[in-house]
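Nothing in this text is a laboratory measurement; each read-out follows from the coordinates by a stated rule. Given the structure is predicted, the values throughout are model-derived calculations rather than measurements. Here Cβ is always computed from backbone atoms with ideal geometry, including for glycine, and neighbour counts include all displayed protein chains.
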Amino acid sequence: MNTHALTVGGYLVILAIGFVLWFITRKNDGKHLTDLSSLLKHLLQFRGTRLGMVMFWWWLGWHFLVSVINRH
Amino acid sequence: MEQKGSRPTLSLWVVAFALCSALQVFRGSVGDEIIFFTGTTVLVLSTTLLRNNEFPSRFIVTERHVEWSGLVLMIALAFTARHSLFDLGIFVLLAPIVIALAWGSKPKPKPMLTKRDRTTRFVWSAWAIAMCLWEFGANILGQLFGGDKAFPTISVLVDPLLDQQVGQAGFVVVWLALGFYLLKSGAK
């Protein structure tokens, strides 16, 4: 397997884990884990978390719409 | 939720932004370096020197202004050329507005997380860190060996999709929906 396929495979595996995690917790009826939406609503009460998430969100838009992606 | 205790003064987001800032030095991306350094400074100030400064974010966000502004932004960003001066202007204007809207009232002691919430936060944090490490690893390895064809970053993989009009419009819609959710949820 070449490094390109391995790198892309890694992203896909991590994304799949995230999807499974969201899917199994979405009804908020688990014993050990709460659903992501409830957790976010609680964490967003904190100014640091709110600012961190909103600024990172802004940067995502900047990165893909304004910046030119440097290739090497 | 339990109703005791308070949060540490400095948010862990400060550490995350400082690390991203350090990575930009390695990448040689001056623009992103300035952004993450400014973000780190804003985060530190928001919980220290400017801790008691307030902004009526909740009042503004709960009104309909955000919905209308989002609609205007969607039309403006989805169908105009990427990397243009127009987009640059919009994002420069947007930065102080979203910081103000996320600022809110001064931090008060908040209810602590239950064990179930703490476990969930740990699991999702581990997931996000794994994604960041993989991305950082690809970026560093790509610069040292093989280039971005051998070790593509998420940006390199997603960029060709955004070159198509449908891809750009789809990204703008999802990105704006996420921002809308963050601002509205934060105001509740």
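Here are the numbers for this structure:
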{"read-out": "Helical contribution to [θ] at 222 nm, DSSP H n ≥ 4, -39,500 (n - 2.57), averaged over chain B, rounded to 500", "value": "-24500 deg cm²/dmol"}
{"read-out": "Cα shape, chain B, gyration tensor, a/c 1.5 rule", "value": "oblate"}
{"read-out": "Simple spin-label estimate for residue A:31 and residue B:122 in nanometres, 7 Å along Cα-Cβ", "value": "1.7"}
{"read-out": "For the protein assembly as shown, size of Cβ-based charge dipole, Lys and Arg +1, Asp and Glu -1, in debye", "value": "1160"}
{"read-out": "Longest site-free stretch - chain B; sites: GluC sites (Glu not before Pro), DSSP loop, at most 13 other Cβ within 10 Å", "value": "B:64-188"}
{"read-out": "Spatially proximal lysines relative to residue B:115 (Cα-Cα < 22 Å; intrachain offsets below 8 disregarded)", "value": "A:27, A:31, A:41, B:4"}
{"read-out": "Cα convex hull of the stretch B:107-188, projected area averaged across orientations, nm²", "value": "8.2"}
{"read-out": "Loop-located trypsin sites (Lys or Arg not before Pro) in the stretch B:1-105, at most 11 other Cβ atoms within 10 Å (DSSP)", "value": "B:4, B:64"}
{"read-out": "The stretch B:65-165 - Rg and Dmax from Cα coordinates, angstrom", "value": "19.4, 50"}
{"read-out": "Inter-probe distance in nm under a simple model that places probes 7 Å from Cα toward Cβ, at residue B:97 and residue B:163", "value": "3.1"}
{"read-out": "Those residues of the stretch A:40-72 whose amide nitrogen sits under 20 Å from the label point placed on residue A:8, 7 Å along Cα→Cβ", "value": "A:69-72"}
{"read-out": "Viscosity 0.692 mPa s, temperature 37 °C, Stokes-Einstein D of chain A from Kirkwood C-alpha radius, µm²/s", "value": "214"}
{"read-out": "Point-charge dipole on Cβ atoms (K/R +1, D/E -1) for chain A, about Cα centre, debye to 20", "value": "160"}
{"read-out": "Positive-pole candidate from B:154, B:177, B:137, dipole of the stretch B:97-177, charges at beta carbon", "value": "B:177"}
{"read-out": "Gain on full stretching of the segment that runs from residue B:86 to residue B:18 - 0.36 nm per residue minus C-alpha separation", "value": "21.6 nm"}
{"read-out": "Dipole moment magnitude, nearest 20 debye, the stretch B:113-188 about Cα centre, only Lys, Arg, Asp, Glu C-beta charged", "value": "640"}
{"read-out": "Under the Debye formula (equal points on every Cα, no solvent term), log10 I(q)/I(0) of the protein assembly as shown at q = 0.07, 0.12, 0.16 Å⁻¹", "value": "-0.26, -0.81, -1.45"}
{"read-out": "Cβ neighbours within 10 Å from other chains - mean over B:150-157", "value": "5"}
